[in-house]
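Here's the structure we're looking at; comments come further down.
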Amino acid sequence: MDTLTLKTLLTEYNKKRIKAEEIAEKNKKELYEEFPELTEIDDKINSLALSTIKEINKNNNKNLIKKLNDDINNLKEKKNKILNSIGEKAKGIYPKYDCLKCHDTGYIKVNGSTELCNCLKQKIYNIEYNKSNINSLEKQNFKNFNLNFYSDKINQEKYQNDISPKENIKLILKICHNFIDNFDNIDEKNLLFTGKTGLGKTFLSSAIANELLKSGKTVLYQTASTMLDMIIDYRFNRNNISKDIYDHLLNVDLLIIDDLGTEGTNQMKLVELFNIINSRLLNNKKITKTIISTNLSLQQLFETYDERIVSRLVGNYNICYFFGDDIRFLKR
């Protein structure tokens with residue numbers, strides 16, 4: 001991980017958090033001036049909390065401590081009723097953090113230790129690895145996916161299939177949504193998108209990524225060529241590639257490997273590709289999923305890659321075969 005990148009992002013987080021808290025404090029001051037009973041309740045709560053601490057330090061009278069805690073809870077309940085009666089305006093007294101997990105600090109506590117929050121991890125991935133691949137996510141989503149680009153006519157001779165391209169893509173969409181909904185289920189398979197160019201494979205990969213990012217998952221998006229070149233540079237200590245990239249490829253929640261088959265295969269690349277696919281399947285740290293897209297047919301995959309790789313794909317991936325007419329030409 002680039003130290004400068006992390007430092008820059010943490011500075012941004014700090015500014016963002018301070019701004020959110022300043023706005024909330026300003027809203028609170030204005031609201032409390034309008035509803036002075038809120039100030040009175042807060043003062044009573046603080047006074048009772050101080051009395052509770054003193055009582056614990058003095059003789060730890062459990063009955064008295066329980067009464068003090070009950071009184072505090074009653075006051076909090078009274079305060080919440082007032083805030084609820086005020087309505088939407090009352091929500092402004094709480095800071096509006098971008099990330100509800102880390103409150104824009106970039107860090108969370110996990111089993112007593114401090115870790116990077118997924119929101120910060122994702123920003124690092126976007127800057128250091130995803131780059132332009134992740135920029136189209138806002139547009140490439142399920143809402144903008146147009147079924148009208150897929151023919152509803154069955155053409156066995158043209159598509160070598162007994163259903164229409166539109167019916168086929170509807171089935172693929174169902175598989176994609178199941179993948180998202182059951183992402184944390186260890187039994188949910190990974191996805192292999194296969195078919196010619198211009199049929200929506202990359203678009204749907206991005207749409208899935210978009211949905212998972214909304215739910216707080218981390219996504220790393222790489223072409224097979226770039227990914228394998230980076231791994232080999234790391235192995236040979238070239239181009240200042242750190243071990244972080246390999247760790248990220250193994251442990252990111254969703255790894256998208258695009259354009260498998262364009263990387264130019266050799267024995268070293270085959271070994272590294274197998275290691276990534278297999279290690280993510282056997283990951284004992286957490287559930288990780290992978291989407292692989294390729295222009296190669298299943299037969300061409302068998303001809304291009306060794307049996308170990310293809311067997312992992314066939315056994316552990318839902319294979320989605322895209323067919324139809326090139327959408328890029330239909331859009332013209």
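The values are calculated or read from the model by the stated rules, or taken from the named source; none is laboratory data. Remember, it's a predicted structure, so these values are computed and weren't measured experimentally. Here the Cβ positions follow ideal geometry from the backbone for every residue, glycine too, while neighbour counts run over all protein chains shown. Accessible surface areas use protein heavy atoms only, side chains included; no ligands, DNA or RNA. Shrake-Rupley method; radii C 1.70, N 1.55, O 1.52, S 1.80 Å.
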| remark: The residue from Ile86, Ile23, Ile72 that alone is free of Cβ contacts under 8 Å to residues at least 40 places away in the same chain, among the hydrophobic types (A, V, I, L, M, F, W, C) and farther than 30 Å from Tyr246 by Cα is Ile72
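Conditions (1) of a type outside the set (Gly, Ala, Ser); (2) within 28 Å of Leu212 (Cβ to Cβ), marked per residue:
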| site | (1), (2) |
| --- | --- |
| Arg238 | yes, no |
| Ile241 | yes, yes |
| Ile245 | yes, yes |
| Leu249 | yes, yes |
| Asp258 | yes, yes |
| Gly264 | no, no |
| Lys269 | yes, yes |
| Leu273 | yes, yes |
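What about Glu40, is it of a type outside the set (Lys, Arg) and over 31 Å from the mean Cα position of the chain (by Cα)?
Taking the combined requirement at face value, the residue satisfies it.
Residue-by-condition table, conditions (1) of a type in the set (Phe, Trp, Tyr); (2) closer than 27 Å to Phe329 by Cβ; (3) in a helix (DSSP H, G or I); (4) open to solvent by less than 10 Å² (accessible area, probe 1.4 Å):
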{"residue": "Ser205", "(1), (2), (3), (4)": "no, yes, yes, yes"}
{"residue": "Ser225", "(1), (2), (3), (4)": "no, yes, yes, no"}
{"residue": "Leu228", "(1), (2), (3), (4)": "no, no, yes, yes"}
{"residue": "Ser242", "(1), (2), (3), (4)": "no, no, no, no"}
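Residues checked against (1) in contact (Cβ under 8 Å) with a residue 12 or more places away in the chain; (2) in contact with an Asp or Glu (Cβ under 6 Å, 6 or more places away or on another chain); (3) of a type in the set (Asp, Glu):
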{"site": "Gln222", "(1), (2), (3)": "yes, no, no"}
{"site": "Phe236", "(1), (2), (3)": "no, no, no"}
{"site": "Leu254", "(1), (2), (3)": "yes, no, no"}
{"site": "Asp258", "(1), (2), (3)": "yes, no, yes"}
{"site": "Thr262", "(1), (2), (3)": "yes, no, no"}
{"site": "Asn284", "(1), (2), (3)": "no, no, no"}
{"site": "Ser293", "(1), (2), (3)": "yes, yes, no"}
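From Lys201, Lys189, Lys286, grab the single residue that is farther than 20 Å from Val314 by Cβ and under 22 Å from the mean Cα position of the chain (by Cα).
Values: Lys201 fails: farther than 20 Å from Val314 by Cβ; Lys189 fails: farther than 20 Å from Val314 by Cβ.
The conditions single out Lys286.
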| note | Within segment 199-243, residues on the phi > 0 side of the Ramachandran plot and at pLDDT below 90 come out as Asn237, Asn239, Asn240
| said: Checking Met268 against (1) more than 25 Å from Ile175 (Cβ to Cβ); (2) modelled with pLDDT under 90; (3) open to solvent by 60 Å² or more (accessible area, probe 1.4 Å); (4) more than 26 Å from the chain's Cα centre (by Cα), only one condition comes out false. Which one? | reply: (2)
| query | Pick from Ile53, Ile23: which is part of a helix (DSSP H, G or I), open to solvent by 60 Å² or more (accessible area, probe 1.4 Å), at pLDDT 85 or above and out of contact with any His (no Cβ under 9 Å at 6 or more places or on another chain)? | reply | Ile23
| Does at least one position in segment 181-192 carry a residue that is over 28 Å from Thr226 (Cβ atoms) and of a type in the set (A, V, I, L, M, F, W, C)? | yes
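Are there strands (runs of 3 or more DSSP E) fully within segment 101-200 with at least 3 residues that are open to solvent by less than 50 Å² (accessible area, probe 1.4 Å) and touching a strand residue (DSSP E or B) at 6+ places or on another chain (Cβ under 9 Å)? List them. Quick ask: steps written out before the conclusion?
Details: elements: 107-110, 113-116, 190-195.
It comes to 190-195.
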| request: Among the residues of segment 81-98, write down those that are part of a helix (DSSP H, G or I) and either open to solvent by less than 80 Å² (accessible area, probe 1.4 Å) or under 16 Å from Asn27 (Cα atoms) (or both). | output: Ile82, Leu83, Asn84, Ile86, Glu88, Lys89, Ala90, Lys91, Gly92, Ile93
